[in-house]
Structures are given as structure tokens and as C-alpha cells.
1. Test of understanding: among Tyr94, Tyr149, which residue is hydroxyl-bearing (Ser, Thr, Tyr) and in contact with a strand residue (DSSP E or B) (Cβ under 8 Å, 6 or more places away or on another chain)?
2. Could you check, for segment 182-192, whether at least one of its residues is under 24 Å from Leu110 (Cα atoms), acidic (Asp, Glu), surrounded by 14 or more Cβ atoms within 10 Å (Cβ to Cβ) and modelled with pLDDT under 95?
3. Could you check segment 421-469 and list, in sequence order, the residues that are surrounded by fewer than 17 Cβ atoms within 10 Å (Cβ to Cβ), touching a Leu at 6+ places or on another chain (Cβ under 8 Å) and not in a helix (DSSP H, G or I)?
4. Considering only segment 85-143, state which residues are at positive phi and buried (at least 21 other Cβ atoms within 10 Å of the Cβ).
5. May I ask you to list the residues in segment 230-252 that are surrounded by fewer than 17 Cβ atoms within 10 Å (Cβ to Cβ), among the polar types (S, T, N, Q) and free of Cβ contacts under 8 Å to residues at least 60 places away in the same chain?
6. So which residues in segment 334-344 are crowded, with 17+ Cβ neighbours inside 10 Å and either of a type in the set (A, V, I, L, M, F, W, C) or outside any loop (DSSP other than H, G, I, E, B) (or both)?
7. Under 20 Å from Val330 (Cβ atoms) and either crowded, with 20+ Cβ neighbours inside 10 Å or not hydrophobic (A, V, I, L, M, F, W, C) (or both): does that describe Arg389?
8. Going by the structure shown, is Arg163 of a type outside the set (Ser, Thr, Tyr) and in contact with a Lys or Arg (Cβ under 6 Å, 6 or more places away or on another chain)?
Amino acid sequence: MKLFISIFLLLFTLTLLSASTKIMLLGDSITYDDAYIDHPSLGGGSPRPASLRHGYRNHLWYLLRDSQYQVDFVGSQIAGTDIVPIFDPDNEGYPGETSNDIADKTYNLLVDNPADIILLYIGANDWSDDVSGITRILNNIDYYERDYYHPVKVIIARIANRRTPQSWMTHLNKNIQRLVNQRKLDNDDIYIVDMEYNAEINYPNDFQDRTHPNDLGYSKIANAWFKVLQNILPKPEPLNPLIQPFVERFYTTILQRQGDEEGIRYWIEKLSTHTLSASDLARGFINSDEFKNENTDNQTFIVTLYHAFFNREPDITGLTYWETKLENDVSRFNVLNGFLYSSEFYTLAQSYNIEAVAPSELFVTRFYTKALDRDPEENGLKYWLDKLRTYQTTARGIAKAFFFSDEFIMKQVSNEEYLILLYRTLLDREPDTGGLERWDIKLQEGLSREKVLNSFIYSSEFKALARLYNIRL
């Protein structure tokens, strides 16, 4: 019997205490990180894997996070997943493409990955001082704002010159400046950063080849972006003074002792940067060796959960209910989740202004409860959360993994049951009669379940669901 209750979906809408500013890094090879070393025909070696590409993006991410800004890089390109420390690898960098190439896709890129701010670094592949392509990019951003009622701030770069500076690039940058000045007069929300002269780039020492900066050069580009972003981004929230007493109460209610300075500092840092949620903190204490070594009996375990997560003594009915669950081989992990996904724990966390359960956890949990019709097991939930937190999977990747898992296939659901589960899990609604009938007919005619699934996960409804939980598509 599943322990989860429907309120956990409501919890998500209530526990997201601080929304991240979504930033799209839009440009060419300098954004994605592609250089001559990745092209044997240009005298390079073997192309570096995408997982090792970072350019200026990781440097900028570290600057923003170290300064407590809550940001989310968005985009359909992924590069840098193996860089340590971890940073957000999403971007819209397209090596070798011109400003007109980028203009052709700008509108749709924003539809698929809405952004609040765009960092636009483009023009090096134009081999011209003409800014008509850049004008088209800005126009398409305007069209998106008009159609979707979503304002977008644009920061555009006067791009860094070549290792041996070229006069046409200097002229291009002057024309970019004129373009920005004019658009400001037209009330565009647009800013400019001078990478050519004001980023402290050293020509030629900060380049790895004649076109692309080396790591020092990229860090200087990141610094230049950061200086402008500081004047645009919402100011970082001051440290929540309630975090420390929230952490300390877990020491006293679970470990029955005062917290140590190092441990308290660790949890404060994780909660204040939104790296972890209150539920992560709870599991950290309950799963600690210190607590496990107490070898508590079932009743003591449940009483501890009531004290720690409901801030009250257990009622007899509740205590009996949970004891019966444990006696019937329901795991302590799932009993703990029953407490963490409750309205009482949400209320407790809210009173300390702390996120109760991370949206990513609720997103993964819905696949267990809706697609597999069971509670998540501890290792499985941890596996998928680690995949999401390290940018190793996406919303679509999780959907494919669950619906084509051995466990789901073994359920041997009928076509109609399969479709109903897709609607409930991926669209968060019951199927409409017409839609259900159309898809059922397509399956009877031989359309594969995989193709049907793809239609669902590429639909606007699933995109909206993923955005609601702040999960990359």
C-alpha cells in the first residue's frame, strides 16, 4: 500500500521559496567551448568530449553561486557535465554559426527554454562588420516577448578580438554599440559589455589559438559578464536567520545532543544555497551512523519522527498506524517519507522559511507512484536525484527510463492502460476521450509505444510540467 498522499503535488507549489533567474548563454564556439584543438583538420587533436567543454560558463557559474545569486542556466545544449566542481552545463552555444544562423533559431530556443536574461556573444563567424544578423536576433527576442508576455533582458557583448586583432572586428563592435544605443532609445531592455577592451584580455597571451581564449581568457570574459549581471539580477537574499535553529532542533530531537560547530555550519551552507532541502537534512540525520547505532525500536523511531518533523507528541491513532506499517515490513525509509511528504512537515519547514521537499524529488516520486504504482525505494530515489543534481539526466530521460524499465514492461499493461498512465504521469491529467481514442487507434495500427511516449514528452503539456518542477527537458 502506498504511503504517499496527493498533497505532495500541492506541496510543490508551496515549497518553492525562491525562484531562480533563468539565464540563456547564447552564441557560437566561445559559448559552447569549441577550439582548434577539437578539429584535426585545423591542426588539433582528438575532439574533447562534450562533458569536458566549459569555456567561460563554469567560471561565471562559480562567481554567481559564490555570491549567493539564485540562477539557472537554460538551453538545449549540454556541455561540461564532468567538470569539477559541478556547474550548470545548459547553454545555447553553436560552434561555427553566424549571427544569421543563430537568428533563425532564436525564437524557438526561447519557446523551448524560456529565459529571463540572455547573454549574447555572437559575430566572430560573420567575417563582416554588418550587424543585420544581430538585429534579427534581437527582433526575434522581441517577437517572443510579445507573443509569450515574457520580458527578457539582453546583455550583448562587444566581442573579444582575435589573438592578432582584426580591424573588421573592431568595426563590428562599434556597430554593435550603435545598435544597442538605438534600441535603448526604443526602450529595449538591453545592456552591453565590452569584451574587446574592458575585460582586461591580453592579446595574444590570453588565447589558445588565433580565435579562442584560453582558460584565463575565459575567466576574464566571465568576470565581465558578472559585473553587468550584478546590476541586473535580484539582490541575493540575506542569510535566513532561522536556518540555524532549524538545524539545531534536529540535533536535539533526533541525536539527543547539542550540535557540533562543523556540522551546523555544513547544513547551514547547504540549506542557505538551496543545494539541499529540509527533507535532505532530515534524511541526513535519520540515516546517520550516529542515529542508526542507537538501534531504536519501532515505537521509539516513530516518536522521534513526530518530535522532529511534526514538533509534537504522537496521537495514539497515528502511532498505531505507523507501528502497524513497520510490523508489516514497510521500510523505515518509506515511513520517513510519509512524514516528510505531509502537510505538517511542510508547515514546520515553512515556519522556518525553508523548502520542505525539493521539486526534483517530487518529480521523481511521481514516476514511482503514478507509472510504477509504488513508493520509491531508497537506492532508486537517491540514484535519480543524483542524476538530476549532477546534470546526468533530464525530464525526458527519466520518463523513458521508467516507461521502458523492466519493472514497467513486466506489468504488461494494455494499450489503454498504457495511455492512461502516460496522461496521468506526463501530462498530470486524465485523458480526454478523443485523445485516448486517437492514440489507441494508432497503437492498434502498429505505432510503437516508444513513438507514442516521444509524442507525449515533446508535447507542450509535458514541457510545462517539467518547468513547474524546474527540471531540464
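1. Tyr94
2. Yes, segment 182-192 contains a residue that is under 24 Å from Leu110 (Cα atoms), acidic (Asp, Glu), surrounded by 14 or more Cβ atoms within 10 Å (Cβ to Cβ) and modelled with pLDDT under 95.
3. Result: Asp428, Ser459.
4. Gly123
5. Asn231, Thr252
6. Asn334, Val335, Leu336, Asn337, Gly338, Phe339, Leu340
7. No, not satisfied.
8. In short, yes.
The values are calculated or read from the model by the stated rules, or taken from the named source; none is laboratory data. Computed from a predicted model, the values in this text were never measured in an experiment. Heads up, the Cβs are rebuilt from the backbone with ideal geometry, glycines too, and the neighbour counts pull from every protein chain shown.
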